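Reading through the structure tokens given below for one structure.
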Amino acid sequence: MYILGINPGHDATAVLFCDGIVVASVAEERMTRVKYHFGFPYQAVKECLRIGNIEPKDIDYAVFGGNSLLSGKASYSHHLMVNHSGVYDVSNELPFSYTLRKVIFKIKQQFLSPVSCGNLFAEALKRNGIKAPIMSYDHHLCHAASAYFNFGYDESLIITADGAGDGLSSIVTIGRNGRFENIHTVDEDHSVGAFYSAITRYLGFKRNRHEGKVTGLAAYGNPDLLKGSFSRMIYSIENGKSYQSEIINSMPAWKRKLKKILLFFSGKPGFVNEIYMAFLKRECSGSKKEDIAAACQLVSEEVFVNYAKYWVKKSKISKVGLA
């Protein structure tokens, strides 16, 4: 059986499996030379087929790593992925022309029959000659699977964390005999990844691209100067069982909703990022970039080490996989 894995978002990628074995894995950026290519991986799909020495008709299933990618009606971002692959870096600030087109697209959707996400991606696959059935799996479950099935143990504790995916920023799951039992989740509004990327952006770098520069810069600063302030952005709760943002929690639900609506009409990266940016501008005025990076690194490490320790103790499983 041939299964084609598709990531049409940032770092667009295609992976070809034959009977559960990876035959080919190709990042679209390697083909287009557009770094961190955002959009449907047309050329990567073609290259996977070439490496696997198969025809498009041989694909049994096309699988997407995220249920939200295929649910509901296609948004402007979905149309960008399929019809303007590689044009925009949607994880960072975008020009006003993008915002205007997004708003016009949303208005048109109210009066025209909108295309479903599934049909849109089916059309994208047909451009590569593939007419296989489409499936999707939960974003964080896919991350967990990538760790578990490469780990080599029938039973292990798997912890995932990223910016966000399918409404979550982290899961803790037990992988056992090829199956998963989720035991904890963290909402996308309380994300260590979002915290780290906000710092990245505040320091003048690009989100989802230059976080590693912050990690390197952290070695040159004093983390204690801003640790207290940054602990309001993300901190451990219940002896490490989870983590939250005091800043997000302190905002009334109506204000969050209003902020999200206003951000829809902007080219800004997102709700949590904008809230954090406003906080950083107040708290970090006059601070050295090295000290900001150092505090960011320390707080991230402490929160996540506490998190891992808690669930190792709770589950009594010492073999830990991370994704």
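The values are calculated or read from the model by the stated rules, or taken from the named source; none is laboratory data. Predicted model, so just to flag it, every value in this text is computed and none were measured. Neighbour counts are summed over all protein chains in view; Cβ atoms, including those assigned to glycine, are modelled from backbone coordinates with ideal geometry. Just the protein is used for accessible areas: all its heavy atoms, side chains included, with ligands, DNA and RNA removed. Shrake-Rupley method; radii C 1.70, N 1.55, O 1.52, S 1.80 Å.
Would you calculate the volume per residue, in Å³, of the smallest convex hull containing every Cα atom of segment 25-87?
104
For the pairs LYS35/LYS227; LYS102/LYS281; LYS106/LYS289; LYS108/LYS268, note any where the Cα-Cα span goes beyond 30 Å.
Beyond 30 Å between Cα atoms: LYS35/LYS227; LYS106/LYS289.
Could you work out what % of the accessible surface of the chain is carbon and sulfur, using a 1.4 angstrom probe and leaving DNA, RNA and ligands out of the count?
With neighbouring chains kept in place, the figure for the chain is 53 percent.
Once you have a ≥ b ≥ c as the square roots of the Cα gyration tensor eigenvalues for segment 260-323, tell me rounded if a/c is under 1.5, and otherwise prolate or oblate according to whether a/b is larger than b/c.
Note, shape of segment 260-323 comes out oblate.
Let me have the 222 nm mean residue ellipticity of the chain computed from DSSP H runs of 4+ only, each contributing -39500 (n - 2.57), with the sum over all residues rounded to the nearest 500.
Theoretical 222 nm ellipticity from helices: -13000 deg cm²/dmol.
Using the Cα centre as the reference, give the magnitude of the dipole from point charges on the C-beta atoms of segment 34-182 (Lys, Arg: +1; Asp, Glu: -1; all else neutral), rounded to the nearest 20 debye.
740
Which of the aspartates and glutamates could a cross-linker span from LYS131 if the Cα-Cα distance has to be under 15 Å and same-chain partners fewer than 8 positions apart are dropped?
GLU55, ASP58, ASP60, GLU123
Tell me which lysines have Cα within less than 23 Å of LYS316's Cα, excluding those fewer than 8 residues away on the same chain?
Within reach: LYS241.
Under 8 Å for C-alpha pairs, at least 6 residues apart: give me the relative contact order for the chain, rounded to a whole percent.
16
With +1 on each Lys and Arg Cβ and -1 on each Asp and Glu Cβ, and nothing else charged, work out how big the dipole of segment 241-323 is about its Cα centre, in Debye to the nearest 20.
So the dipole magnitude of segment 241-323 works out to roughly 460 debye.
What is the set of long-range amide H partners of VAL63 at a cut-off below 5 Å, with H atoms built 1.01 Å from backbone N?
Residues meeting the amide H criterion: LEU4, GLY5, ILE6, MET135.
In debye, nearest 20, what is the charge dipole magnitude of the chain about its Cα centre with +1 on Lys and Arg Cβ and -1 on Asp and Glu Cβ, if you could check?
920
Where does the charge balance sit around ARG209 when Lys and Arg score +1, Asp and Glu -1, over other residues with C-beta under 11 Å from its C-beta?
So the surrounding residues net to +2.
For ILE104 and LYS260, what is the calculated FRET efficiency with R₀ set at 22 Å and r taken between the beta-carbons, to the nearest 0.05?
0.65
Of the options ALA27, ALA308, ALA145, report the single residue whose Cα projects farthest towards the positive end of the charge dipole of the chain (beta-carbon charges: Lys, Arg +1; Asp, Glu -1).
Highest projection toward the positive end goes to ALA27.
Could you give me D for segment 54-171, from Stokes-Einstein at 37 °C and 0.692 mPa s, where the hydrodynamic radius is the Kirkwood radius over C-alpha pairs? Units µm² s⁻¹, please.
Estimated diffusion coefficient is 197 µm²/s.
Among ILE248, ALA132, SER68, whose Cα lies farthest out toward the positive end of the dipole of the chain, if unit charges sit on the beta carbon of Lys, Arg (+1) and Asp, Glu (-1)?
The one lying farthest along the dipole's positive direction is ILE248.
How much area per residue is accessible in segment 9-167 when the probe is 1.4 Å and only protein heavy atoms are counted (Å²)?
Normalised by residue count, the accessible surface of segment 9-167 is 52 Å².
How long are the semi-axes of the ellipsoid equivalent to the chain, from square roots of 5 times the Cα gyration tensor eigenvalues, in whole Å, largest first?
Rounded to whole Å, the semi-axes are 33, 27, 18.
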